[in-house]
Amino acid sequence: MQKLFSGLSGTGKTNKLFSIYQKLAIENGSDKIIYFTSSAKKVNFLRNELELAIGGNLQIYTYFGFALNEVNKWWPVLEKSLIGSKMTVEPTFMNIETSHFLMSNYVEKFRNKQRFFSNLKAKPVQIAVQLIDNLNLTEMNLLTQKEMKKRLLQWVADDKEKKEIMEEALIVMHKFRDFCEKNRLVDYSLALKLFNNNLLNAKFYQNHLAHKFDYLIVDELEKMVPAGQKLVNIMASITKDSWYAYNPAGGFNRFFGGNPALIKKNFLENNNDLEIVLLNKRYLGAEKAADLAEDFAEVINGKKKTASSDLILGEVDSELRGNMVINIGEKITKLIENGTEPEKIAVIAPAVDKVLEFSLEYYLSRVGYKLINYNRSKRLVDLPFARAMLILYLLVIGETTAIGVSALQQTLGLLLDLDPVRSMLLARKMTAEGMQFIDLDTYGLRQRIGFEKGEKYDFLRDWLDSNSSFEFNIEAFFQQVFGEVLAPLKPAPEDIMACRQMIESVSRFRETISNFKDESDQDLSQRYLAMIYEGTLAADVLFNDIEKEDRVLMATPYKFLFAPEIKDVEYLFLVDISSQNWLRSIAKELSNPYLYSPQWNNQSNWNDQADQQIRKNQLLDFLTNLFLKVNKGIYLADSYLDSMGWEQEGPLYNWLKPGQGSGKYAD
């Protein structure tokens, strides 16, 4: 039996799947049920929501998480398919930071020695991100390296300069892949290649899955990449029963490889075994939201010039962007004073810049309210315990120029349990003396910070002196710091996770770097520190659990829609409505997700018409799902000039308008 629940956002699809899972798990145990969802955050969310009296393994995964888990489990079988003679008990799985570092290293090497990418202004780290994207998208879409090359060269067409750059990119990607295979370094793209080509196609493995699982549940089917769709198809054919949730308007993750159009072909067309249950009743969002979404679709498709609705309560316009932000702040303040909870108000912008965030945060703080920015990357070094590990290591090796007074003050406050005034006093004195530990009695500080805190300070200073032997072994130092200094402070789960990720990232980084010749512990430490402080992608915390209660929400459309904890909002502010960023292209200099999709159809070139239509479709997906999360009303906010002082001339301003009436909840 196969059943698919089809409905827009807010129609209860996930709740139905969750209830089915709960019932099956109570009756049969959870070991025989496999549940796929779209993000690691949602996996954690579902695991925390489950209430099961019967124990058992929770087989809840993202597609990528499941693939990585299976590659590790079946490594002895898969390793034989790789080039090179090296044999290992298990692979070295590279996380984002190590794969990014390795690709950046190759880009820099070829750029310096062979003048590759000489006409690109992008830095090696930026080029590396795009090359990694190409490899990942190739495997997500079940393509070969040969097909990737063909499509990339078709994309640049007859432009000789771009073709030369693309051929250079292909050489670097090939070198990266060969190095990874020979040294058994498994990044995401190689893991997907091994899983899809060498494991999932094998009859013995399909028999294993058939024996292991009886039930299949897939939430947000429309977000599945083609490779994930292949897995779901195979699982559906070998399990007893399967259930799916599908949002026909939920294609806003195309940038990351999602392919809703392929879902229709693979699941909805010519599938006589599939029962489709249409869910029309919406439990979240205003009744008029679906009508507004339909009207906006007609605008995008050229059938109408403007979509208007009473759900759009009004416009917040100003010539200067600063005034616009103040007007938004005033409107939000009034809504809260009239009874709306702050977390039920969302400010959505196509790009959340520092000016917008700081200005609105400052305004709201003056009237007693808070703002949470979902787009602010929460890096490891921004978390107190992880930052303390790094600060202490920098003090030991004498790299004090990388330490700011504020960072030192926060670390001292954490480790010595000092209030902000005393910790700043101590930090400033240490900074004045060359960013080093001082004798408290010499400077008369023991009484000022307290004798008990002074004893903690002496212990910390002596501990660092006695562990200076770890000077160039950053991994061992981190472990020692956590076990002897940080663990007694009873860190919260988030802090423990941050320290653990810090230690694991160094360990994986060491395993990767060890494949280079003549790399000492000192080289490794310096490279790792440089990677963290350069703002490498890997510095971001993957478990970023945002506390949103009593805070106005701010995000880009994608961040907002991918947050499982945000079910709906009362009011939505669409900011910078005239900005061209609402129609931002998914294509970059060296990477274009659309090239890899089956919809590419071997086109000979990439023209402006195709690019513009994809931008419009992406905007439609974003706004449709945003509209459907709104219960009471939408405000359109705009300014004639952007934060840089440039005129804003995007078309969205003319595509959306308030209705004839002011709306039920308008001022």
Worksheet, complete the sentence: Contour minus Cα-Cα span, Glu90 to Lys370, at 0.36 nm per residue, comes to 96.1 nm
Practice prompt. Determine which aspartates and glutamates satisfy two conditions relative to Lys162: a Cα distance under 20 Å, and not lying fewer than 8 residues away in the same chain.
Written response: Glu108, Asp133, Glu147, Glu589, Asp608, Asp611
Item to complete: Would you pull out the residues with amide H under 5 Å of Val218's amide H, same chain only if 5 or more places away, H placed 1.01 Å from N?
Response: Phe36, Trp243, Tyr244, Ala245
Item to complete: Report, by chain and number, residues whose modeled amide H sits under 5 Å from the one on Ala307, excluding near sequence neighbours (fewer than 5 apart, same chain).
Response: Leu656, Lys657
Item to complete: Can you list which of the GluC sites (Glu not before Pro) found in region 265-298 are DSSP loop residues with at most 13 other C-beta atoms within 10 Å?
Response: Glu269
Discussion item. Testing the spin-label approximation: label points 7 Å from Cα along Cα→Cβ at Lys264 and Asp291. State their distance in nm.
Written reply: 2.6
Worksheet entry | Span from the region 82-161 Cα centroid across to the region 288-366 one, whole angstrom | 40
Worksheet item: Can you pull out the GluC sites (Glu not before Pro) in region 408-491 that DSSP calls coil and that have at most 15 other Cβ atoms within 10 Å?
Response: Glu433, Glu471
Worksheet item: Amide H to amide H, which residues 5 or more places from Asp187 or on other chains are under 5 Å from it, using H placed in the peptide plane?
Response: Met94
Discussion item. Please report the antiparallel percentage of DSSP beta bridges with both residues in the chain, rounded to the nearest 5.
Written reply: 5
Response to the item:
Taking protein heavy atoms only, a 1.4 Å probe, and rounding to whole percent, the accessible area of the chain owed to carbon and sulfur comes out at 48
Worksheet item: Label Ser406 and Lys203 with points 7 Å out from Cα along Cα→Cβ: what is the distance between them in nm?
Response: 6.4
Practice prompt. Go through (1) 337; (2) 192; (3) 162 and flag the label whose value is the computed volume of the Cα convex hull per residue in Å³ for this structure.
Written response: (2)
Item to complete: Starting with the highest mean, order 325-335, 607-617 by the number of other Cβ atoms within 10 Å, averaged over the residues of each peptide.
Response: 325-335, 607-617
Worksheet item: How much net charge surrounds Leu278 when only other residues with a Cβ under 14 Å from its Cβ are counted (Lys, Arg +1; Asp, Glu -1)?
Response: +4
Worksheet entry | Two-site FRET efficiency, Arg115 against Asn280, from Cβ-Cβ distance with R₀ of 60 Å, rounded to 0.05 | 0.50
Item to complete: Please give the calculated 222 nm ellipticity per residue for the chain, where each DSSP H segment of at least 4 residues contributes -39500 (n - 2.57) and the sum is spread over every residue; nearest 500 deg cm²/dmol?
Response: -15000 deg cm²/dmol
Discussion item. Probe radius 1.4 Å, ligands and nucleic acids left out: which of Val575, Val125 has the largest accessible area, and how do the rest follow?
Written reply: Val125, Val575
Item to complete: Compute the signed sum of charges (Lys and Arg +1, Asp and Glu -1) over the other residues within less than 13 Å, Cβ to Cβ, of Asp417.
Response: +1
Worksheet item: What ranking do 353-361, 591-599 get when scored by the average of other Cβ atoms within 10 Å per residue, highest first?
Response: 591-599, 353-361
Item to complete: Quote the relative contact order of the chain in percent (integer), defining contacts as alpha-carbon pairs under 8 Å separated by 6+ residues.
Response: 24
Discussion item. Rounded to the nearest 20 debye, what is the charge dipole size of region 212-329 about its Cα centre when +1 sits on each Lys and Arg Cβ and -1 on each Asp and Glu Cβ?
Written reply: 400
Worksheet entry | Accessible surface of Trp600 - all protein chains present, 1.4 Å probe, nearest 10 Å² | 0
Worksheet item: When only Cα pairs under 8 Å and 6 or more residues apart are kept, what is the percent relative contact order across region 358-443?
Response: 18
Discussion item. Using the basic label-point model (7 angstrom from Cα toward the beta carbon), what is the Asp462 to Trp75 distance in nanometres?
Written reply: 4.3
Fill in: Residue-span extension gain [Glu504 to Leu50] - 0.36 nm each, minus C-alpha spacing
160.6 nm
Practice prompt. Counting only heavy atoms of the protein chains, get the accessible area per residue of the chain (1.4 Å probe) and round it to a whole Å² value.
Written response: 46
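The values are calculated or read from the model by the stated rules, or taken from the named source; none is laboratory data. Keep in mind the model is a prediction, meaning the values are calculated, not measured. Glycine also receives a Cβ, built like all others from the backbone with ideal geometry; neighbour counts cover every protein chain displayed. We work out accessible area using only protein heavy atoms, side chains counted, and drop any ligands, DNA or RNA first. Shrake-Rupley method; radii C 1.70, N 1.55, O 1.52, S 1.80 Å.
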